[in-house]
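The values are calculated or read from the model by the stated rules, or taken from the named source; none is laboratory data. If you're wondering where the values come from, they're calculated on a predicted model, not measured in any experiment. Counting neighbours? That spans all protein chains shown, and the Cβs are built from the backbone with ideal geometry, glycine included. These area figures cover heavy atoms from the full protein model, side chains too; ligands, DNA and RNA do not enter into them. Shrake-Rupley method; radii C 1.70, N 1.55, O 1.52, S 1.80 Å.
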Amino acid sequence: MSDGYYNSKKTDDICEDVCGQGSKAAATISRLKCVLRGFDLRTYLFFFVLMPFGILAIYLHGQKFTYFFRPLWESPPKPFQTIPHYYNENVTMQSLCSLHGWGIRESPRRVFDAVLFSNEKDLLTVRWNELYPYVTQFVLLESNSTFTGLPKPLVFNSNKDQFSFVEPRLTYGSIGGRFRKGENPFVEEAYQRVALDHLLRIAGIEEDDLLIMSDVDEIPSAHTINLLRWCDDIPHVLHLQLKNYLYSFEYYVDSKSWRASIHRYNPRKTRYAHFRQSDVMLADSGWHCSFCFRHISEFIFKMKAYSHSDRVRFSHYLNPKRIQDVICKGTDLFDMLPEEYTFKEIIGKMGPVPRSYSAVHLPSYLLDNAEQYKYLLPGNCIREKQAGFI
């Protein structure tokens, strides 16, 4: 046998002799020394450097790994059938309907705009002013509970004077939260949307009226709603493609927002929801301004309150200074990778959202009141630190 075998055997014998002597504590220490004596430098590096580093990396960035490799186990959803959208203010409604392949009605349909409200006062003001000329009834429901079961004041009810311009056309309702700790936030969200169905019936919605289903920050353009109320033979359920913005209209992300939808109301079938309900979508139909708040405290509130609050993995995500830095850099509040289905799209969207210097084709009320809402326009990323109810 080789010399290496005898040397190893001799070492093992010595270890057995040492470990067999002295007190239990001494024996334990000696046994550990014997075990470690058999490891080389590479083994030490693996166990005491690489392995702890790997565990730390998974703890800090595990979510990024799963999002990056998403294309390996999840296929993209079925693509929408996108209807081209034609509009110019100088073109007659009859011509616009004809361009879309639709007829024109003798009189326009009634329009109901229904929303669940949390705390987005500014965006609600912009939304309702944009849609005011064409909406028959505004329907708003708010709760004293967030989707995650946190108590909240009835913000709209406390600020009704700010929305007096819609008072004659407003159906308002409030609902008490269930405050069930540990429950999936989407259960509470669904509960509130069912209550909104009931409120719509109180508002007087009837068969074939148009119903706008979208969150407050998903704002259809006025000319889109006017087109759909005048044109005949439009789809019974039509999703709206909206331009995606983040934090303000300075950060244009893409045009992939699709959850907003228009329904020709059917009392037997129509239920208020915020998921895909058809395969047809009308192109370029408005704006989705996500996390577009005036106050830093409103960012913190929504991060803790909305259905994806599990994305707040670390408490420092809620640090006001960090949030302000994120807003001005155009990076992600939750330090997440883009939610895409191909490696090309994920890599293409990694990093900050590029700044846009265009304020063309934004809601008219926003531009008419630019000084009041300048934080929503390009070049104004600094936010105010306080808000009344948080």
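When the label point is put 7 Å from the Cα of I104 along its Cα-to-beta-carbon vector, which residues of region 117-150 have a backbone N closer than 11 Å? No residues fall inside that zone. Stretching D233 away from S290 to a fully extended chain increases their span by 17.3 nm, per 0.36 nm per residue minus the current alpha-carbon distance.
Solvent-free Debye calculation, one equal scatterer per alpha-carbon of region 179-310: log10 I(q)/I(0) at 0.12, 0.15, 0.17 Å⁻¹ equals -0.55, -0.84, -1.04. Working note: Debye formula, equal point scatterers on the alpha-carbon atoms of region 117-260, no solvent; log10 I(q)/I(0) at q = 0.09, 0.16, 0.19, 0.22 Å⁻¹ is -0.31, -1.02, -1.38, -1.58. Taking all protein chains together and a 1.4 Å probe, the residues R169, R127 rank R169, R127 from largest to smallest accessible area.
If one computes the Cα centroid of region 103-159 and of region 332-390, what distance in Å separates the two points? Cα centres, region 103-159 to region 332-390: 22 Å.
Karplus-based coupling profile of region 224-239, in residue order and whole Hz: 5, 5, 5, 4, 6, 7, 8, 7, 9, 6, 6, x, 5, 10, 10, 6, with θ = phi - 60° in 6.51 cos²θ - 1.76 cosθ + 1.60 and x standing for Gly or Pro. The label point for Y86 and the one for N319, both projected 7 Å from the Cα toward the Cβ, are 5.5 nm apart. The 3J(HN,Hα) values that the Karplus relation (6.51, -1.76, 1.60; θ = phi - 60°) gives for region 215-221 are, in residue order, 5, 4, 7, 9, 10, x, 6 Hz. Gly and Pro appear as x. Under conditions of 37 °C and 0.692 mPa s, region 294-374 yields 218 µm² s⁻¹ as its translational diffusion coefficient, taking Rh as the Kirkwood radius over Cα pairs in the Stokes-Einstein equation.
Can you pull the accessible area of R355 for me, 1.4 Å probe, Å² to the nearest 10? The value for R355 is about 100 Å².
Accessible-area rank, largest first, for F68, F301: F68, F301, with all protein chains present and a 1.4 angstrom probe.
Amide hydrogen proximity for S257: with H placed 1.01 Å from N in the peptide plane, the residues at 5 or more positions away or on another chain lying under 5 Å are L242, N244.
Each of R259, R383 has its accessible area taken with a 1.4 Å probe; listed largest first, they run R259, R383. With the simple spin-label model, which puts each label point 7 Å out from Cα in the Cβ direction, the T342 to F165 separation comes to 4.3 nm. Applying the Karplus relation 6.51 cos²θ - 1.76 cosθ + 1.60 with θ = phi - 60° to region 82-93 yields 3J(HN,Hα) values of 8, 8, x, 10, 10, 7, 7, 4, 9, 9, 5, 5 Hz, where x marks Gly and Pro.
Exposure check, 1.4 Å probe, all protein chains in place: Y375 carries approximately 10 Å² of accessible surface. Label-to-label distance for C328 and H198 is 4.8 nm, based on points extended 7 Å past Cα in the beta-carbon direction.
Stretched out straight at 0.36 nm per residue, the stretch from E183 to R271 would grow longer than its current Cα-Cα span by 29.4 nm.
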